[in-house]
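The values are calculated or read from the model by the stated rules, or taken from the named source; none is laboratory data. Predicted, not measured: the structure shown is a model, and the values here were computed from it. All Cβ positions, even for glycine, are placed from backbone atoms using ideal geometry, and neighbour counts span all protein chains on display.
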């Protein structure tokens with residue numbers, strides 16, 4: 001199965017919000033954020049929000065790159081490794097104080113939260129997603 | 001004209017004195033039948049809402065979907081001459097040198113035994129293959145499942161959905177529309193299996209999944225066979241040709257191979273494996289009609305890899321045909337635009353596999369594998385050999401060979417299949433721009449509605465709004481579209497997240513449904 005651009009964006013938003021959101025609900029209290037629980041949740045969910053919004057823009061770039069591939073595919077490996085560029089961008093935005101409502105997040109907490117969420121979302125997208133959403137893969141990854 | 005696919009036949013039409021309950025001229029001539037007409041002919045009528053015939057993997061995956069969507073076995077009949085759904089497919093893969101132990105050309109998540117594609121074949125095979133899928137196609141070649149793995153898992157699913165309870169053996173002769181709505185599907189049961197020569201299945205829905213209409217041989221091959229009645233020295237790779245390999249065991253032979261597709265690749269591998277393992281002296285001349293020496297295509301955005309004569313592509317189609325942007329593009333396209341898209345992604349090609357590359361490199365280096373570019377003009381037997389005249393890029397060439405092994409796989413016109421011809425002539429079915437059966441996005445055979453629908457999937461529908469019809473996943477995509485259309489008509493239950501997850505869990509536990 002290969003998603004279309006629309007499908008990729010929908011899937012990304014859905015998985016980050018649902019799977020990523022649930023995951024962060026669970027792990028945020030044990031992250032080394034160095035602040036109280038309310039501020040910790042504020043920080044991790046800010047990261048999730050920024051990752052999701054920027055992700056839509058990243059998808060446009062990935063789509064353009066795909067056009068140079070005969071198969072118009074996006075290998076599983078790319079889906080995994082793009083976590084690096086996306087993670088770095090989000091980190092620099094937070095570390096540089098560009099996100100107006102956020103007081104930032106510690107490096108270790110960011111790495112753990114981002115990496116585990118990314119891997120989990122990537123794993124779900126590569127298999128389990130098809131269990132409840134059997135139409136998803138033939139509809140190019142679209143959910144609606 | 002054939003009544004079945006290229007597979008071996010089991011249900012031969014009975015011969016001898018006329019039997020009761022046969023077709024008469026009145027029935028044969030009429031496009032619409034009444035119940036009375038069948039009663040007069042003495043043909044018994046069996047009522048069942050959904051009939052699928054062909055009985056290969058196309059029928060199987062469609063029935064799998066419907067069973068998972070809650071349709072009881074009593075509402076479905078599978079009319080088929082085949083013993084198992086994969087029999088015809090296995091016959092073709094085996095003769096074309098992909099026995100159960102070899103790998104198919106199919107994606108890990110194209111699993112005809114599992115509508116979800118999860119767990120995929122690679123996942124089930126174990127960690128080594130997980131790694132392969134993780135790195136493909138950048139650092140590893142595409143993972144593909146072993147033929148045996150596909151057949152064994154289908155067998156398990158076949159029993160889980162109680163498929164054998166729905167199977168009726170025999171050969172379908174025709175489908176005609178019924179006055180008052182629905183269809184009659186005429187089955188010729190095996191000799192002695194029924195009291196009448198024919199049985200009519202009266203249904204609201206019919207699914208046509210007869211597979212490849214037949215093999216078509218290139219004119220030079222047909223001409224050679226007609227003129228010299230020699231079926232041994234000039235063979236097509238889709239026919240049984242084990243005698244060729246066995247002859248090579250006994251004496252050194254020179255073989256001319258024609259074709260640039262996966263069958264040519266597999267046949268070459270078999271010949272070279274034999275050569276290596278048995279120390280044979282087999283010489284190979286490979287004739288390419290078109291020689292691909294580099295990446296090729298109409299634009300920088302549509303460039304397919306190629307080298308040494310071959311065009312390379314992981315699967316039968318570019319990957320995004322099964323869900324990605326190419327699927328969407330073709331679905332939205334019409335007429336000439338669609339034909340252009342088909343043409344761009346068409347053309348003979350083969351997957352990149354390291355063992356094949358190594359073998360052919362070695363053959364070129366050591367001089368026992370040589371390549372020619374051109375076309376065969378004429379073939380004639382000379383003693384035990386075949387003399388072949390070729391128009392090559394180097395001018396006319398003449399050579400003698402022990403065997404000519406044709407690895408081109410042309411498909412016959414759909415009219416070659418008796419039931420498909422009847423659908424075109426009597427049931428309102430039409431042809432698409434590529435000449436196959438014209439279907440809609442729901443895989444409904446356009447023009448055949450009659451208070452019910454006829455659906456079709458598989459090779460006979462190539463050229464429609466979905467390109468990958470003759471692949472494992474393509475058959476499942478067709479099955480899903482058909483199931484969804486039947487759900488809309490109230491025949492099956494909706495496959496939402498709840499049912500889908502629940503049914504998947506049953507699959508995991510191999511719970512019979």
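Here are some residues: B:145, B:112. Which one is farther than 20 Å from residue A:125 by Cα, in contact (Cβ under 8 Å) with a residue 12 or more places away in the chain, out of contact with any strand residue (DSSP E or B) (no Cβ under 7 Å at 6 or more places or on another chain) and crowded, with 22+ Cβ neighbours inside 10 Å?
Exactly one residue qualifies, and that residue is B:112.
Checking residue B:465 against (1) buried (at least 24 other Cβ atoms within 10 Å of the Cβ); (2) modelled with pLDDT under 95, which single condition isn't satisfied?
(1)
Condition test on residue A:39, is it more than 8 Å from chain B (Cβ to nearest Cβ), part of a helix (DSSP H, G or I), under 30 Å from residue B:315 (Cα atoms) and more than 15 Å from the chain's Cα centre (by Cα)?
no
Looking at the stretch B:307-339, which of its residues are closer than 26 Å to residue B:358 by Cβ and either without any contact (Cβ under 8 Å) to a residue 24 or more places away in the chain or assigned by TED's automatic domain parsing to the domain that holds residue B:474 (or both)?
Scanning the stretch B:307-339 gives a single hit, B:307.
Just name the residue that is nearest to residue B:485 (Cα to Cα) out of those in the stretch B:398-417 that are under 20 Å from the mean Cα position of the chain (by Cα) and surrounded by 18 or more Cβ atoms within 10 Å (Cβ to Cβ).
In this case the residue turns out to be B:414.
Go through the stretch B:128-148 and give me each residue that's in a helix (DSSP H, G or I) and within 8 Å of chain A (Cβ to nearest Cβ).
Correct list: B:133, B:134, B:135.
Output yes when any residue across the stretch B:360-371 is within 24 Å of the chain's Cα centre (by Cα) and more than 13 Å from chain A (Cβ to nearest Cβ), and no when none is.
No.
Could you check the stretch A:43-75 and list, in sequence order, the residues that are over 17 Å from the mean Cα position of the chain (by Cα) and either part of a helix (DSSP H, G or I) or away from chain B (no Cβ under 14 Å) (or both)?
A:64, A:65, A:66
Output the residues belonging to the stretch B:175-211 that are surrounded by 22 or more Cβ atoms within 10 Å (Cβ to Cβ) and not in a strand (DSSP E or B).
Matches in the stretch B:175-211: B:198, B:209, B:210, B:211.
Which of (1) surrounded by 15 or more Cβ atoms within 10 Å (Cβ to Cβ); (2) out of contact with any strand residue (DSSP E or B) (no Cβ under 9 Å at 6 or more places or on another chain); (3) more than 12 Å from chain A (Cβ to nearest Cβ) does residue B:343 not meet, given it meets every other one?
Of everything listed in (1) surrounded by 15 or more Cβ atoms within 10 Å (Cβ to Cβ); (2) out of contact with any strand residue (DSSP E or B) (no Cβ under 9 Å at 6 or more places or on another chain); (3) more than 12 Å from chain A (Cβ to nearest Cβ), residue B:343 misses just condition (1).
Run residue A:98 past the list (1) surrounded by 20 or more Cβ atoms within 10 Å (Cβ to Cβ); (2) without any contact (Cβ under 8 Å) to a residue 12 or more places away in the chain; (3) away from every other protein chain (no Cβ under 14 Å) and report the number of the one that doesn't hold.
Result: residue A:98 fails condition (1) only.
I'd like to check which strands (runs of 3 or more DSSP E) are fully inside the stretch B:13-105 and have at least 3 residues that are modelled with pLDDT of 95 or more and surrounded by 14 or more Cβ atoms within 10 Å (Cβ to Cβ).
In the stretch B:13-105, the matching strands (runs of 3 or more DSSP E) lie at B:50-53, B:76-80.
Working only within the stretch A:35-49, note down all residues that are touching a helix residue (DSSP H, G or I) at 6+ places or on another chain (Cβ under 8 Å) and over 17 Å from residue A:14 (Cβ atoms).
Matches in the stretch A:35-49: A:35, A:37, A:40, A:41, A:43, A:44, A:46, A:47.
Can you name the residue in the stretch A:122-144 that is part of a helix (DSSP H, G or I) and within 7 Å of chain B (Cβ to nearest Cβ) and is also farthest from residue B:110 (Cα to Cα) among such residues?
Selected residue: A:128.
Restricting attention to the stretch B:484-498, which residues are surrounded by fewer than 21 Cβ atoms within 10 Å (Cβ to Cβ) and more than 9 Å from every other protein chain (Cβ to nearest Cβ)?
Hits for the stretch B:484-498 are B:485, B:487, B:488, B:489, B:490, B:491, B:493, B:494.
Are there any pairs, at least 6 apart or on different chains, whose C-beta atoms fall under 7 Å, with the first in the stretch A:54-71 and over 23 Å from residue A:118 (Cβ atoms) and the second at pLDDT below 95 and in a helix (DSSP H, G or I), and if so, which?
Pairs found: A:71/B:319; A:71/B:320.
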